[in-house]
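I have placed the structure first, in the form of structure tokens, so that the comments after it can refer back to it.
The values are calculated or read from the model by the stated rules, or taken from the named source; none is laboratory data. Not measured: the values here are computed from a predicted model. So basically every Cβ, Gly included, is an ideal-geometry build from the backbone, and we count neighbours across all protein chains shown.
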Amino acid sequence: MSKIKNEQELVKEAVRIGSIYAEKRAIGQVESKDSAKTKVEFIYRVLVHDKLIQPLAKGQLSDINMKHKLALWVSRQLPKDHPLLK
């Protein structure tokens, strides 16, 4: 798995967009007091449940891999000229 340019910023954007998505779907919401790990796992599980991303293999399920999946997902959602993609 190769590192994506601006991966940390993309993960933050994925959590932001994923939080809005989860609230609109009435699945739940991310609280500001939640840890970053909890936020990433929640958004990852919501997207997997709705089949928006492919789940990781059981042996590959880790915080780093979930963040990478979220970064890939959000990079496909953003417009081509978005500053995070440059």
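Some values worked out for this structure:
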quantity	calculated
Pairs where the first residue, in the range 11-36, is touching a residue at least 60 places away in the same chain (Cβ under 8 Å) and the second is exposed (fewer than 12 other Cβ atoms within 10 Å of the Cβ) and assigned to a helix (DSSP H, G or I), C-beta under 8 Å, 6+ apart	none
Residue identified as at pLDDT 95 or above and either among the basic types (Lys, Arg) or more than 11 Å from the chain's Cα centre (by Cα) (or both) among 83, 55	55
Subset tally (residues that are at pLDDT 90 or above and surrounded by 13 or more Cβ atoms within 10 Å (Cβ to Cβ)) for the range 21-48	12
Condition check for residue 70: modelled with pLDDT of 95 or more and either touching a Lys or Arg at 6+ places or on another chain (Cβ under 8 Å) or under 14 Å from residue 13 (Cα atoms) (or both)	yes
